[in-house]
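Only one structure is covered here, and it is reproduced in the block below.
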């Protein structure tokens, strides 16, 4: 059976780094669109970027073929440049032998990429990509309102 084709746009933001952070995702499937966002205290921009991706993928209730768009090289390069495989082989250490930061989130994201066929696409941040800009606005609004995760 052919997997459903889903597009997910994500973004994370932080007011201070560390500080209060927000994340957002816009999911598209056919004519359906879902926006999710939330915020956390005392976090980092990188954690929020990863959280946005994890939250978006976590909403899928069956294995899907996902094209995931993000402006975060931090989140995409480990998959697109196969760094994550090296991290795992080295016990979650970088090529420079330092501990990989945010291992808890990387491990959760890795689990999700095993459930879904995910293609990671880098988009230019704060440019002309309407849905990336929408995620940025939602993430910044979540920080401002410091809301719990919200699903529309």
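Throughout, read-outs are computed from the coordinates displayed, never taken from laboratory work. What you are looking at is a predicted structure, and each value in this text was computed from that prediction instead of being measured. Because the Cβ atoms are built from the backbone with ideal geometry, glycine has one as well, and the counts that use them run over all protein chains shown.
Of all DSSP bridge pairs formed entirely within region 1-75, close to 75 percent run antiparallel. Tell me, what is a quarter of the convex hull surface for the C-alpha atoms of region 29-115, in nm² with one decimal? If I average the Cα hull's projected area over directions, I get 6.6 nm².
Give me the extension gain from residue 126 to residue 65: residue separation times 0.36 nm, minus the current Cα-Cα distance, reported in nm with one decimal. Display every interim value, and only then the final one.
Details: separation 61, 0.36 × 61 = 21.96 nm, distance 2.62 nm.
Working it through step by step, the gained length comes to 19.3 nm.
When a/c reaches 1.5 or more, the comparison of a/b and b/c decides; with that in mind, is region 4-59 rounded, prolate or oblate per its Cα gyration tensor?
Details: a/c = 3.34, a/b = 2.82, b/c = 1.19.
Prolate, because a/c is 1.5 or more and a/b exceeds b/c.
Taking only the Cα atoms of the chain, the ratio Rg/Rh comes out at 0.96, with Rh defined as the Kirkwood radius.
When only C-alpha pairs under 8 Å and at least 6 residues apart count, what is the relative contact order of the chain, in percent? Before the final figure, lay out the partial values.
On the way: 314 pairs, mean separation 52.7, N = 152.
Relative contact order for the chain comes out at 35 percent.
Take each peptide in 63-74, 118-129, 6-17, count the other Cβ atoms within 10 Å of every residue, and average; sorted highest first, the result is 6-17, 63-74, 118-129.
Out of all DSSP beta bridges in the chain, what portion is antiparallel? Express it as a percent rounded to 5. Before the final figure, lay out the partial values.
Details: 23 of 35 bridges.
The answer is about 65 percent antiparallel.
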